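Take a look at the structure set out below.
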Amino acid sequence: MFLRILHALSLLILVGSAVAVYKVKYDTTYEVQRIAKLRAEIRGEQERIALLRAEWTRLAAPQRVQELAVRHLGMKPMDVARVSDLANLPEKPFMPGDGDPIGEFIETVVGGGPRDALGDFLRSLNTAEPSATGREP
């Protein structure tokens, strides 16, 4: 009787092992097919990217852009004599009435200019008493 139970148990373990091996083989085959499909998609995308780069290079070619500018915008090619260095440009004279736009902007932000609610709240936290916030300044 003991041998029959042992044989039946061995047979069940053998069948279970066969099912497990079959499942692993099936899962592996599925993953290999999925990887091959992804590689084919990647290869196709790389080919499309190369095609788009070639098309962009053709569309952005300086000679083509110049021809389009002449044809559609009526522009003329720039004369080489019109190109100059930065040293040849005259300086902009500073007029006292011009003001300093950057300085004025800084004054509105730092000084008594307009403020926002969040900035006021953060400033109040920085100037609050240490006992109210629980930390030292």
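The values are calculated or read from the model by the stated rules, or taken from the named source; none is laboratory data. Source: prediction; values computed, not measured. Glycine also receives a Cβ, built like all others from the backbone with ideal geometry; neighbour counts cover every protein chain displayed.
Quick notes
- Residue that is out of contact with any Gly (no Cβ under 7 Å at 6 or more places or on another chain), surrounded by 10 or more Cβ atoms within 10 Å (Cβ to Cβ), in a helix (DSSP H, G or I) and not acidic (Asp, Glu), where the choices are LEU52, LEU3: LEU52
Listed here are the residues, each with its yes/no results for (1) surrounded by 10 or more Cβ atoms within 10 Å (Cβ to Cβ); (2) at pLDDT below 70.
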| site | (1), (2) |
| --- | --- |
| LEU59 | yes, no |
| LEU73 | no, no |
| VAL80 | no, yes |
| LEU89 | no, no |
